[in-house]
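Student: The structure follows.
The values are calculated or read from the model by the stated rules, or taken from the named source; none is laboratory data. All figures in this text were calculated on a predicted structure; none of them were measured in a lab. Using ideal geometry, Cβ is built from the backbone for each residue, glycine included, and neighbour counts are taken over all protein chains shown. Heads up: the accessible areas ignore ligands, DNA and RNA and are worked out on the full protein's heavy atoms, side chains in. Shrake-Rupley method; radii C 1.70, N 1.55, O 1.52, S 1.80 Å.
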Amino acid sequence: MDHPPPPDEKRYWLDKPGNVTLLVRIFYVLCAVVIALDVFVPKHGPFAIEHVFGFYGFYGFAACVALVLIAKALRKVLMRAEDYYDR
């Protein structure tokens, strides 16, 4: 439920769910346009896989997912106890 803010609290444009929905739809359209433009851009990569439709988009997405998964694993290795500095 969307509760009205207190009268003295400032409202920002992203506080309205309609604006967030509009922004997400704009991002979806931009992603579709960029993928559609991939058909018209000549590719000159040294590897055959680079000529596959949407390769760089999929590669970038996979790299981001890999970074998040690696960061989660690193957190378990590097994390200290809560009272580490109190000791």
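Student: Just the ratio, please: alpha-carbon radius of gyration of the chain over 2.2 N^0.38 Å, N its number of residues.
Tutor: Values: Rg = 22.0 Å, N = 87, 2.2 N^0.38 = 12.0 Å.
Output field value: 1.83.
Student: Taking only DSSP H segments of four or more residues, each worth -39500 (n - 2.57), what value at 222 nm results for the chain once the sum is divided by all its residues, to the nearest 500 deg cm²/dmol? List each step's numbers first, then the result.
Tutor: Values: 2 runs with 45 residues, N = 87.
Taken over the chain, the calculation gives -18000 deg cm²/dmol.
Student: Another question, then. Report the FRET efficiency, 1/(1 + (r/R0)^6), for D8 and R75, where r is their Cβ-Cβ distance and R0 is 41 Å, rounded to 0.05. Write down the numbers at each step before the final one.
Tutor: Values: r = 39 Å, r/R0 = 0.95.
The calculated FRET efficiency here is 0.55.
Student: Can I ask one more? I'd like to check one number: the per residue accessible area of the chain, probe 1.4 Å, reported in Å² as a whole number. If you can, show how the numbers build up before the last one.
Tutor: Working: 8470 Å² over 87 residues.
I get 97 Å² per residue for this part.
Student: Using each residue's phi in segment 70-86, evaluate 6.51 cos²θ - 1.76 cosθ + 1.60 at θ = phi - 60° and report the 3J(HN,Hα) Karplus result to the nearest Hz, with x for Gly and Pro.
Tutor: Computed from phi, the couplings for segment 70-86 are 5, 5, 5, 5, 5, 4, 5, 6, 8, 5, 9, 5, 4, 9, 4, 7, 7 Hz.
Student: Per-residue HN-Hα couplings for segment 47-57, Karplus 6.51 cos²θ - 1.76 cosθ + 1.60 at θ = phi - 60°, whole Hz, x for Gly and Pro?
Tutor: 10, 5, 5, 5, 8, 6, 4, x, 4, 5, x
Student: If you don't mind, another one. Can you list residues from other chains, or at least 5 along the same chain, whose modelled amide H is less than 5 Å from the amide H of D38?
Tutor: Excluding prolines and chain starts, which carry no amide H, there are no hits.
Student: Can I ask one more? Roughly speaking, what is the stretch gain from F27 to F55, that is 0.36 nm per residue apart minus the C-alpha to C-alpha distance, in nm to one decimal?
Tutor: Values: separation 28, 0.36 × 28 = 10.08 nm, distance 1.93 nm.
Extra length available between F27 and F55 comes to 8.2 nm.
Student: Which aspartates and glutamates, on any chain, are close to K76 with Cα under 16 Å apart, when same-chain ones fewer than 8 places away are left out?
Tutor: Counting by Cα, and skipping residues close in sequence, K76 has no aspartates and glutamates nearby.
Student: Further question on the same structure: Which chymotrypsin sites (Phe, Trp or Tyr not before Pro) in segment 1-85 sit in a loop by DSSP (not H, G, I, E or B) and have at most 15 other Cβ atoms within 10 Å of their own Cβ? Walk me through the numbers on the way to the answer.
Tutor: Details: sites: Y12, W13, F27, Y28, F40, F47, F53, F55, Y56, F58, Y59, F61, Y84, Y85; in loops: Y12, F40, F47, F53, Y84, Y85.
Passing sites in segment 1-85 are Y12, F40, F47, F53, Y84, Y85.
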